[in-house]
1. Give the number of residues within the stretch 318-333 that are loosely packed, with under 15 Cβ neighbours inside 10 Å and out of contact with any helix residue (DSSP H, G or I) (no Cβ under 7 Å at 6 or more places or on another chain).
2. Six or more apart or on different chains, Cβ atoms under 7 Å: show the pairs whose first residue is in the stretch 331-353 and in contact (Cβ under 8 Å) with a residue 24 or more places away in the chain and whose second is among the polar types (S, T, N, Q) and surrounded by 13 or more Cβ atoms within 10 Å (Cβ to Cβ).
3. What residue, among those in the stretch 382-404 that are charged (D, E, K, R) and under 30 Å from Ala371 (Cα atoms), is surrounded by the fewest Cβ atoms within 10 Å (Cβ to Cβ)?
4. Of the residues Ile124, Ile134, Ile119, which is modelled with pLDDT of 95 or more, touching a strand residue (DSSP E or B) at 6+ places or on another chain (Cβ under 9 Å), surrounded by fewer than 20 Cβ atoms within 10 Å (Cβ to Cβ) and over 30 Å from Arg9 (Cβ atoms)?
5. Within the stretch 498-530, can you find the residues that are in contact with a Leu (Cβ under 8 Å, 6 or more places away or on another chain) and of a type in the set (Phe, Trp, Tyr)?
6. Is it the case that some residue within the stretch 181-204 is among the charged types (D, E, K, R) and exposed (fewer than 13 other Cβ atoms within 10 Å of the Cβ)?
7. Go through the stretch 156-180 residue by residue and tally those that are acidic (Asp, Glu), in a loop (DSSP other than H, G, I, E, B) and surrounded by fewer than 19 Cβ atoms within 10 Å (Cβ to Cβ).
8. Filter the stretch 458-493 down to residues that are within 44 Å of the chain's Cα centre (by Cα), under 15 Å from Gly528 (Cα atoms) and of a type in the set (Asp, Glu), then give me how many there are.
Amino acid sequence: KELEQWFWRITNYAEELLDFSQIDWPERIVTMQKNWIGRSEGANVTFRSEQGDPIVVFTTRPDTLWGATFMVLAPEHPLVDKLTTAEYREAVEEYKYQAARQSEIERLSTAKEKTGVFIGAYAINPVNEERIPIWIADYVMMTYGTGAIMAVPAHDERDFAFAQKYGLPIPVVIEPPDWDGGPLTEAYTGPGPMINSGPFDGTPAEEAVEKVTKWLEERGIGEFAINYRLRDWLISRQRYWGAPIPIVYCEKCGMVPVPYEDLPVILPTDAVIPPTGDNALKYHEEFLHTTCPKCGGPATRETDTMDTFVCSSWYNYAYLSPYYKEGEPAHADSTPFDPQEAEYWLPVDVYTGGAEHATMHLIYTRFFTKAMRDMGLVDFDEPMIVLRNQGVIQAEDGSKMSKSKGNVVAPDDLVARYGADTVRAYLMFGWRWEQGGPWDPHGIEGVVRWLQRVWNLVLEPAEKQDGEPTDEEIAGLRHRIHKTIQRVTDDMEVFAFNTIISSLMEFTNALSKAKQTPLYGTPVWEEGIETLLLLLAPACPHISEELWERTGRPYSIHQQSWPEYDPDLITEAVITLIVQVNGKVRARLEATADIGKEQAVEMALADPNVQRHVAGKEVRKVIYVPGRLVNLVV
Ligand SMILES: [Zn+2]
């Protein structure tokens, strides 16, 4: 059944939607959107029926025009009825009926064998005046291009299969390499010089399209054209739940938009879905019947509702101020959100979501924003500046979790057992956020132990050690604190949550060690604990709040400023490493304070003076005092 439905003209924005220069989105999303929009350059060429009706076709290969041996129209093409001859009418009607019963997806399926029927009429190929038969086939859609194609079987796989099946000629007009001049066994779609093409014989591939297009333009039979795969957005849905389409139908005035002051149209809450599953709004008398805003006569409302993607296209705007001017009548200059909130918040800085939205939600919301900009509602071009896609946690064996397979690991069960903070921290720690991966049930115990240690570290009193911490000890811990702030802050920016957790684990270890020293209870110790809690808060919001409160800090940890690091404190301290060979000092080397044994030995052995004293002998033993000394025994 044919339906009259509402579309939005997203195709007006096809070219602009191909411009990603203002946004930082994952490359694969950009590629998917580009393919979805499907821009191709070519030519619109005007064929004519024998009766003189113009039939425009779009082709990306105007250089193959001389090889067109038939034309195919969509079964719904308006000329089909007019051109079909009496002899073929019955077969054509039957075919049209079959085509109308299939979905677009069925019709366009590449797996499906191509079928079609001849309609008894002919078209004239404008480049060589040849008479070519006109067919209809269900794989040509009225909604793609012009609903008509020229078929060049020698150089298009689909046309080749069709021509073979129906015994249509397959003349070669692009010379394949090493071609023997015989019939082709498959379509040749590669480049090659033009042949059998009248004035263009011998034209090399790289010049062909441009030259032929120019020639077509000079003769007024064709012109350069850009075609997009993108089609207008069909927003009508035949169902009750959805945003109403604010249109009424009046017998006298036709389609009339609901005036601003009557917006929004609100769905009834008591509509009953009939047993047929049909749209309940069609049977809700009160909703259905209204008066025409223009003439005041009886009218009915549009009962189709909008695609749910309409709502998600602008929720980032609606959520700014959901009750903005609620109950006040709207007028032509009304904005659907508070402009001051918009000024502050928009566009969205960072947006995260699944890659499965690439060609639906993520393209619709870009379109919406551009349309809103053109309506004067916003002054920017893109809804979200940075987009990042999260990975998916799979079942243990790497397959997709699904209810039907019974391999779903339910977060609720884990939360009940371990607590939400542990589950959150484990998910952050165990997988790279943007990659995901197979579920691992074992690692979570490690996170449990870590959070228990954090708890004890903060709350369990320790014995105060004798003496005062040295300046080095204080500087060492302070360096550690600020280094950790830097790491966690930087990692947060790039969604590296796994390394945030590992940095916090290392920091917990460092503080645990400090707890056994005179550092415990000093101001730098307190700074360390406070920093740990603040850095932990986004990952583990509950335990951090609890510890924050129990240590007497003001509610709430989630309203505190993010800690900032002091750049002077994060530079790696430089130490002097003393190198001995058999107990005698042979070198003094500058090294970073946290240099490890292996690295220290490597550095020592690279020193020329040390090399002279080792003199190629085997190093039998290495004594290493961290941060101070390497003694090589040879
Ligand atoms: Zn009216």
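1. The number of residues fulfilling the criteria is 9.
2. Val348/Asn316; Thr352/Gln390; Gly353/Asn389
3. First, pick out the residues of the stretch 382-404 that are charged (D, E, K, R): 382, 388, 396-397, 400, 403.
Checking the rest, the ones that are also under 30 Å from Ala371 (Cα atoms) come to 382, 388.
Values: Glu382: 19, Arg388: 16.
Selected residue: Arg388.
4. Values: Ile134 fails: surrounded by fewer than 20 Cβ atoms within 10 Å (Cβ to Cβ); Ile119 fails: surrounded by fewer than 20 Cβ atoms within 10 Å (Cβ to Cβ).
None of the other options fit; the residue is Ile124.
5. Hits for the stretch 498-530 are Phe507, Trp525.
6. So in the stretch 181-204, the residues among the charged types (D, E, K, R) come out as 186, 201.
Now narrow it down to the ones that are exposed (fewer than 13 other Cβ atoms within 10 Å of the Cβ): 186.
Yes, there is a match, as at least one residue in the stretch 181-204 is among the charged types (D, E, K, R) and exposed (fewer than 13 other Cβ atoms within 10 Å of the Cβ).
7. Quick first cut of the stretch 156-180, residues acidic (Asp, Glu) only: 156-157, 159, 175, 178, 180.
Pick out the ones that are also in a loop (DSSP other than H, G, I, E, B) and you get 156, 175, 178, 180.
Cutting the leftovers down to surrounded by fewer than 19 Cβ atoms within 10 Å (Cβ to Cβ) gives us 175, 178, 180.
Selection size over the stretch 156-180: 3.
8. Total meeting the criteria: 0.
The values are calculated or read from the model by the stated rules, or taken from the named source; none is laboratory data. Computed from a prediction, not measured in an experiment: that's the story for all the values here. Glycine also receives a Cβ, built like all others from the backbone with ideal geometry; neighbour counts cover every protein chain displayed.
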